[in-house]
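Enquirer: Sharing a structure here in structure tokens format.
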Amino acid sequence: MKELRTQVAIVGAGPAGMLLGQLLDRDGIDCIVLERRSRDYVEKRVRAGVIEYGIANLLEWAGAGERMRSVGLVHHGVEIRFERRGYRIPLSELADGKPITVYGQQEVVKDLVALRLESGAPLLFDCEVTELSGLESETPSVLAMSSDGPIRVTCDYVAGCDGSFGVANRAMPASTKRYERNFPFSWLGILAEAKPVSEELIYARHENGFALYSLRSPTVSRLYLGVGTTETLEEWSDDRIWHELNTRLATEERPTVNEGPILERGITAMRSVVLDPMRHGSLFLAGDAAHIVPPTGAKGMNLALADVRELASAFVASFRHRDQSLLDTYSERCLERVWRAEEFSNYMTQMLHPAQDGFENGVQSARLRQAVTSREASSVLARNYVDLNSL
Ligand code: FAD
Ligand code: DHB
């Protein structure tokens with residue numbers, strides 16, 4: 001067994017784990033990142049794309065903003081479509097001039113991986129953490145299996161940044177409260193080599209279901225369809241996908257989207273999960289390991305990055321100044337923000353996905369009409385969409 005010693009063992013090299021590593025590294029705190037997948041896999045995993053204003057600033061401040069600032073797309077509005085009409089929500093105008101940045105999650109991870117490898121700080125790929133032990137002691141340890149055999153990392157703290165099905169989540173005691181909601185639909189997401197039809201994102205509610213039009217570059221579109229929870233990719237031919245996207249996104253003025261070869265596709269269930277507290281002894285959860293939001297509000301990655309902003313400062317206070325107060329209040333401070341994101345994601349999800357129940361449908365349609373016609377309602381939506389995690 002290979003034995004290693006560090007101050008913070010970070011499980012998972014997603015956005016949360018990688019940014020935490022970068023922030024600690026910059027503050028001279030030793031940490032090791034352990035990731036079960038390969039570097040190639042994490043750098044190609046297509047997921048989120050919308051970065052909030054304050055989170056984009058955080059990435060820049062952390063030294064990881066260069067490529068995001070040069071190739072990320074800055075958006076000042078989003079469009080919402082229903083009943084074959086489109087309504088633009090002028091995000092920046094309603095949210096103190098702040099824009100969002102559209103930049104793929106895997107690009108954020110790629111930038112952070114490059115920085116870490118460049119600095120020589122330890123980052124172990126193909127290294128699956130199998131057990132966390134001694135979490136109630138001052139010297140917890142992390143057991144992992146790497147391609148070169150087993151490893152034990154002894155540390156002061158463990159950061160569980162390994163997503164919702166990870167080992168950290170499972171190491172939380174039975175007394176941890178777990179709040180959960182499953183939604184009666186999933187999202188089918190595609191990445192397509194197709195010239196975007198709009199410069200801004202389009203969320204659509206149609207009687208056939210939800211649709212979302214997003215983009216990654218002037219030649220690549222990212223699109224989503226709301227589908228049933230039991231549907232599989234086999235049931236969705238390319239023709240059927242494009243037909244549904246065209247049907248659900250159509251307005252009188254813009255009846256079609258641009259089609260092209262589909263580069264990537266996947267189906268994701270929609271659910272909400274919150275664990276309370278986000279800490280057990282020397283284990284601190286961050287990102288999807290602690291909470292899941294349905295993707296309609298584009299909050300998952302932003303929440304994950306905002307958690308580690310808090311966690312990094314708390315570790316620095318503990319190691320530098322022997323001040324445990326930020327670690328002691330970490331969970332409480334995060335959870336207030338997490339519930340705000342759950343509320344917003346729930347609001348966006350319910351409002352944009354047609355319901356089976358006629359009464360619920362009527363209520364949600366009225367809510368949607370209010371969101372696009374009342375300046376007060378649009379302003380709340382805009383502020384939450386653009387910068388919820390830094391409000
Ligand atoms: P993850 O990205 O899941 O990273 C966890 C890492 O831990 C992974 O690399 C995993 O391989 C590793 N790991 C797991 N178990 C182990 C183990 N035992 N040992 C070692 N490593 C392990 N969010 C937004 O903010 N905006 C959006 O627009 C958005 N759109 C989305 C669209 C889709 C289709 C999906 C699926 C998600 C979307 N999200 C969005 C959510 C976002 O992708 C997640 O919230 C985000 O990935 C959370 O980051 P994380 O670092 O907490 O977890
Ligand atoms: C994207 C994903 C989302 O979940 C969302 O709400 C908006 C955009 C995207 O992948 O671009």
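Enquirer: For the stretch 215-224, what does the Karplus curve 6.51 cos²θ - 1.76 cosθ + 1.60, with θ = phi - 60°, yield as ³J(HN,Hα) per residue in whole Hz, taken in order and with x for Gly and Pro?
Expert: Along the stretch 215-224, the couplings run 8, 10, 6, x, 10, 10, 9, 10, 10, 10 Hz.
Enquirer: Out of the DSSP beta bridges found with both residues in the chain, what percent are antiparallel (nearest 5)?
Expert: Given both bridge residues lie in the chain, the antiparallel proportion sits at roughly 75 percent.
Enquirer: Under a point-charge model restricted to the Cβ atoms of Lys and Arg (+1) and Asp and Glu (-1), what is the dipole moment magnitude of the stretch 249-386 relative to its Cα centre, in debye to the nearest 20?
Expert: The dipole magnitude comes to about 320 debye.
Enquirer: Then there is this: Between the helical axis of 300-321 and the dominant principal axis of the chain, each derived from Cα atoms, what acute angle in degrees is found, rounded to the nearest 10?
Expert: 20
Enquirer: What figure, in Å² to the nearest 10, do you get for the accessible area of residue 329 with a 1.4 Å probe and non-protein molecules left out?
Expert: Rounded to the nearest 10, the figure is 50 Å².
Enquirer: Figure the gain on full extension for residue 137 and residue 329 (residue separation times 0.36 nm, minus the Cα-Cα span) and round it to one decimal in nm.
Expert: Going from the current span to full extension adds 67.2 nm.
Enquirer: Next question. How fast does the stretch 1-66 diffuse by Stokes-Einstein, in µm²/s, taking the Kirkwood radius from C-alpha pairs at 4 °C and 1.567 mPa s?
Expert: Rounded to a whole number, D works out at 97 µm²/s.
Enquirer: Sticking with this one: Using only the alpha-carbon atoms, how far is helix 105-119 inclined from the longest principal axis of the chain? Give it as 0 to 90 degrees, nearest 10.
Expert: Orientation of helix 105-119: about 30 degrees from the principal axis.
Enquirer: Still on this model: What residue among 367, 240, 116 has the largest mean-square fluctuation in a Gaussian network model of the chain, using Cα springs under 10 Å?
Expert: Ranking 367, 240, 116 by mean-square fluctuation puts 240 first.
Enquirer: Counting Lys and Arg as +1 and Asp and Glu as -1, what is the net charge of the other residues whose Cβ lies under 15 Å from the Cβ of residue 355?
Expert: Around residue 355, the surrounding residues sum to 0.
Enquirer: Per 0.36 nm of contour for each residue apart, how much would the distance between residue 254 and residue 60 grow if the chain were fully extended, relative to their Cα-Cα spacing?
Expert: Stretched fully, the residue 254-residue 60 segment lengthens by 66.2 nm.
Enquirer: Positive end of the charge dipole of the stretch 134-219 (Lys, Arg +1 and Asp, Glu -1 on Cβ, about the Cα centre): tell me which of 140, 161, 173 has its Cα farthest that way.
Expert: About the Cα centre, the residue reaching furthest to the positive side is 173.
Enquirer: Per Stokes-Einstein, at 20 °C and 1.002 mPa s, what whole-number D in µm² s⁻¹ belongs to the chain, with the Kirkwood radius over Cα pairs as the hydrodynamic radius?
Expert: For the chosen part, D equals 99 µm²/s.
Enquirer: Given a 10 angstrom Cα cut-off, can you work out which residue in 233, 305, 335 is the most mobile in a GNM of the chain?
Expert: Judging by the Gaussian network model, the answer is 233.
Enquirer: Related question: Mean residue ellipticity at 222 nm from the helices of the chain, using -39,500 (n - 2.57) per DSSP H segment of n ≥ 4 over the full residue count, to the nearest 500 deg cm²/dmol?
Expert: -11500 deg cm²/dmol, from helical runs alone.
Enquirer: Subtract the Cα-Cα distance of residue 238 and residue 38 from 0.36 nm times their separation in residues, and report this length gain in nm to one decimal.
Expert: 69.1 nm
Enquirer: Taking only Cα atoms and a 10 Å spring cutoff, compute GNM fluctuations for the chain and point out the largest among 355, 64, 16.
Expert: 355
The values are calculated or read from the model by the stated rules, or taken from the named source; none is laboratory data. Please read all numbers here as calculations on a predicted model, not as lab measurements. We place every Cβ from the backbone using ideal geometry, glycine too, and count neighbours over all the protein chains shown. Protein only, heavy atoms only, side chains kept; ligands, DNA and RNA dropped before computing areas. Shrake-Rupley method; radii C 1.70, N 1.55, O 1.52, S 1.80 Å.
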